[in-house]
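One structure is given here, and the rest of the page talks about it.
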Amino acid sequence: MSRSLPLLFVLSLSTTPALAASLQLCPGPLVVSPGAITAQTTARDGTILHAIVTEEPGKQQANCSVLPLPTAVMGVQALHFLPPDASPGKTILLRGIEADKGKSFSVSEHTLVSDQPAPRPQAPMPFGASLLGAMQARTHGDTARVGAEIKDGRLYLTCRPGTKPAGVTLLGPWFLPRARAVMQAAFAGEGRFALQVASGASGKPEQSFALGTLTGEQRVQTARFDLPEKLDRAHWRELSVACPQGAATLRLDALTLQGAADTDPAAASRATWTWSPNEWRERGAALLDWAFQQKIGAVFITVPIKDGSVDDAAQLGAFVRQAGSRGIAVSAMEGTPEMVLPAAQNAAIARLRAYAAYNAAADDGARLKGVQYHIEPYLLPAHVLPQAQRDRRYLELAARLRQAAGPLTLDFVVPHWWADKNALLTGMAKHADILTVKSPRTDPAQIYRLAVPFLDWGVEHGKTVRVALDAGPIGAGVQRRYERRPPGARGDLLVFTLGGQKILLLQQVPAAHDKAQAYALAASQEIDAADASFHADKGALMRVLPQLESTFGAWESFGGMALHDLR
C-alpha cells in the first residue's frame, strides 16, 4: 500500500484540481459565495455586468457566460475589465496597489501598448488649450466645393461657390464635461460660416444644434458660443463648419473650451488636514494663522471621543469659534479600512452620534461643519473582507452613517480610480454630501483628467466635490509590465473575451488557457513619488493651484482643493 502513495500523488497533480474555479460574466445584481473574486463594469446599454471567479460553478446566475479555469480562487490576484473595443497588443501596463504580500492587486489604471498606433482613449475635453491640434478634419457634403486641412494647430478652410451643402467636420477624442462652459473661436477670413455641434450615444440618432456664425474679416476676431442645454455632453460627437453659397475662406486659429462668464473660482475655498489632536488643542492659534495665510477655508481635525462623548467639548467649542471668526470651517475626521466590517460598524455609528450630540448641545458658532471619512476598504486583505463584499459593505456603512448624522455634513474620501464604479457612486449619491477625490498627480493635465468624472458626478447628483492633492511623503503605488506570450504558453495574466467583454485575470502562478491570450510579468516597479506628490516642490503646488481652481470653478459641484501635508 505504501508503494502506491507516490503514484497516486503524481496522478493527482496531473489532473484538474478539485478546487478549480470558473470565470463567469453575469448581468444584474451580484450574487456570489464568500471568497469569490469579482469586478464590475457597465455595458454600453447600461446593463451592470460582473466578472466572477468562484469555485461553485453550480451557483451561477441565469444568463451567465462561464469558462472553467486551471486554478483555484486563491490563485487569482485580481480581475479587471478592458473597454470592449480595446485591442491589447504586445504590452499591457497595470498600475495599482499591492496588498496581502502581493497576493492581491487592486488595479487602478491600465495602458495598452499596441503593436499598431491605437486611437487615443476618450478623455474630457481640455480647458483653455486649443483643441485643433488633436482634431481630425473631414470634409462633408459636396466635397468638390470644399478644401480643408489642419496645419500647425490651425484649420484652413476654402469654399467654392455652389448651392449644395458643404463644409468640414471636426472630430476629437473627448467627451464634453458638465461644466458651465462656452466654445471660443479665434478666426479670420472672408464669408459667413455656420457652426454646429452634434451629439448622440452609440446606436441612437445624432442630434445637431446650431452654435452660431463666424463672419470672417481680414483681422483676427474672437467669438464665444454657449453650449446648448439639450446637448448630450457625454456623447459629444463632432463640431462642423458649414460653407456659405458664395466663395469664402476661413482660418481658424484656435478653438477652446472656456469657463462661462458667471464662474467664480474664488467661491470654493481650500481645505487641509491636521492629524494630531495636539495641533488644535495646544497650538490652535498658530494653526489658524497659517491656514488664514494660505487661503484655507476648511480644516479637518481629529476629535477624540471618551466614554461615548466628545472629549473636552469646551476646548473644541473655543477652537471652532476662533476658526469661524476667521472664515474657517472645522470638521471632524476619522476612518480605517476595518470600519466597513460588520463588527466595527456599530462603534463607528456610536462615534458619529457623539459628534451629533456635541453639535446639538453647542451654540451655532461652536458647531462642527461635519465629519469626513477616510475608509479605504480596498486596503483590507481578501481573507479579511473578500473583494466581492467591499462595495456592498461600504454602501451599507454609508447608509447607516447618513441615518445617524442628522444635519451633519458627511464627506467621504475616495480614490480617483473609483470613477469606473458606476453602481458604487450612484449609491453614494444617496448618502454623501461631499466626495473628496484623491488625485495623486503633480501634472495639471492629469489632475484635470482624473477629477472631471467626479465633478460631472457632482453636477448630475447635486453634490459637492473636492479635489485632493498630496504634498507629503507618499507611499508609491506599483506599475506592472506584462509582455505577450506565444499561443499556448503560460502567463501571469490572461486576457479573456467573454460575452463580448474583455477581462484581465491576474494569477499567482503562471498558467495557460485555450480561450485566452497569455501575458508574462516582465517588470514591476514602484511609481515615482514625484509624479504623485508635491512633497519635493511645494512651491510648484502653490503655483498650480490658481490654475486648477480657475478651471474647476466652471463646475457647479466644485467645492475647492484639499491639500494633504501642505504644512
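The values are calculated or read from the model by the stated rules, or taken from the named source; none is laboratory data. All values derive from a computational prediction rather than experimental measurement. No Cβ is skipped: glycine too gets one built from the backbone with ideal geometry, and neighbour counts run over all protein chains shown.
For the reader, a short list of remarks on this structure follows.
- Hey, residue 383 of a type outside the set (A, V, I, L, M) and under 23 Å from residue 559 (Cα atoms) or not: no
- Residue within region 157-173 that is closer than 23 Å to residue 41 by Cβ and under 25 Å from the mean Cα position of the chain (by Cα) present: yes
- When residues in region 229-254 are screened for being outside any helix (DSSP H, G or I) and under 28 Å from residue 553 (Cβ atoms), 11 of them pass.
- Residue match in region 265-282 (condition: over 30 Å from residue 438 (Cα atoms), exposed (fewer than 12 other Cβ atoms within 10 Å of the Cβ) and touching a residue at least 24 places away in the same chain (Cβ under 8 Å)): no
- Yes/no for residue 510 being without any contact (Cβ under 8 Å) to a residue 12 or more places away in the chain and either under 26 Å from residue 335 (Cα atoms) or surrounded by fewer than 22 Cβ atoms within 10 Å (Cβ to Cβ) (or both): no
- The set of residues in region 130-167 being of a type in the set (A, V, I, L, M), out of contact with any Ser or Thr (no Cβ under 6 Å at 6 or more places or on another chain) and surrounded by 14 or more Cβ atoms within 10 Å (Cβ to Cβ) consists of 131, 132, 134, 135, 137, 150, 155, 157, 166.
- Residue in region 165-180 that is within 30 Å of residue 480 (Cβ to Cβ) and of a type in the set (Val, Ile, Thr) present: no
Yes/no per residue for (1) over 15 Å from the mean Cα position of the chain (by Cα); (2) closer than 19 Å to residue 349 by Cβ; (3) modelled with pLDDT of 95 or more:
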| residue | (1), (2), (3) |
| --- | --- |
| 377 | yes, yes, no |
| 410 | yes, yes, yes |
| 414 | no, no, yes |
| 426 | no, no, yes |
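- Listed conditions (1) under 10 Å from residue 431 (Cα atoms); (2) of a type outside the set (A, V, I, L, M, F, W, C); (3) buried (at least 19 other Cβ atoms within 10 Å of the Cβ) are all met by residue 400, apart from (3).
- Taken over region 184-205, the residue count meeting the criterion of being over 15 Å from residue 170 (Cβ atoms) and of a type outside the set (A, V, I, L, M) is 9.
- Residue 385, sole failed condition from (1) over 20 Å from the mean Cα position of the chain (by Cα); (2) modelled with pLDDT of 95 or more; (3) surrounded by 18 or more Cβ atoms within 10 Å (Cβ to Cβ): (2)
- Residue ID - surrounded by the most Cβ atoms within 10 Å (Cβ to Cβ), chosen from residues in region 41-56 that are more than 13 Å from residue 23 (Cα to Cα) and not hydrophobic (A, V, I, L, M, F, W, C): 41
- Checked against the criterion of being in contact with a Lys or Arg (Cβ under 7 Å, 6 or more places away or on another chain), part of a helix (DSSP H, G or I) and surrounded by 17 or more Cβ atoms within 10 Å (Cβ to Cβ), the candidates 459, 452, 413, 495 yield just one match: 459.
- Test for residue 257: is it outside any loop (DSSP other than H, G, I, E, B) and either within 25 Å of the chain's Cα centre (by Cα) or under 30 Å from residue 197 (Cβ atoms) (or both): yes
- Residue pairs whose Cβ atoms lie under 7 Å apart, sitting 6 or more positions apart in sequence or on different chains, and linking a residue in region 192-205 that is under 30 Å from residue 161 (Cα atoms) to a partner that is modelled with pLDDT of 95 or more and in a loop (DSSP other than H, G, I, E, B), are 192/244; 193/243; 193/244.
- Selection count, region 480-492, where residues are surrounded by fewer than 18 Cβ atoms within 10 Å (Cβ to Cβ) and either in contact (Cβ under 8 Å) with a residue 40 or more places away in the chain or in a strand (DSSP E or B) (or both): 2
- Conditions (1) in contact with a Pro (Cβ under 9 Å, 6 or more places away or on another chain); (2) farther than 30 Å from residue 257 by Cα; number of the one not met by residue 369: (1)
- If you go through region 311-337 and keep only what is surrounded by fewer than 16 Cβ atoms within 10 Å (Cβ to Cβ) and on the phi > 0 side of the Ramachandran plot, you end up with 312, 327.
- Filter result (within 17 Å of residue 403 (Cβ to Cβ) and more than 25 Å from the chain's Cα centre (by Cα)) within region 321-343: 342
- In a residue-by-residue description of region 289-302, the property of being in a loop (DSSP other than H, G, I, E, B), in contact with a helix residue (DSSP H, G or I) (Cβ under 9 Å, 6 or more places away or on another chain), assigned by TED's automatic domain parsing to the domain that holds residue 400 and not basic (Lys, Arg) applies to at least one position.
- Taking region 311-340 as the range and being of a type in the set (Ser, Thr, Tyr) and under 20 Å from residue 276 (Cβ atoms) as the test, the residues that pass are 331, 336.
- Filtering region 425-446 to residues that are crowded, with 16+ Cβ neighbours inside 10 Å, without any contact (Cβ under 8 Å) to a residue 60 or more places away in the chain and either in contact with an Asp or Glu (Cβ under 7 Å, 6 or more places away or on another chain) or assigned to a loop (DSSP other than H, G, I, E, B) (or both) leaves 431, 432, 439.
- Single residue of region 212-228 satisfying the filter (in contact with a Phe, Trp or Tyr (Cβ under 8 Å, 6 or more places away or on another chain) and in a loop (DSSP other than H, G, I, E, B)) that is farthest from residue 190 (Cα to Cα): 228
- Filtered residue count, region 122-132, keeping only those that are touching a Leu at 6+ places or on another chain (Cβ under 9 Å) and in a strand (DSSP E or B): 2
- Scan of region 527-549 for residues that are crowded, with 17+ Cβ neighbours inside 10 Å and of a type outside the set (A, V, I, L, M), ordered by number: 533, 534, 535, 549
- Test: residue 390 is modelled with pLDDT under 95 and touching a Phe, Trp or Tyr at 6+ places or on another chain (Cβ under 7 Å): yes
- Qualifying residue in region 83-97 (condition: at pLDDT below 80, over 18 Å from residue 23 (Cβ atoms) and surrounded by 13 or more Cβ atoms within 10 Å (Cβ to Cβ)): no
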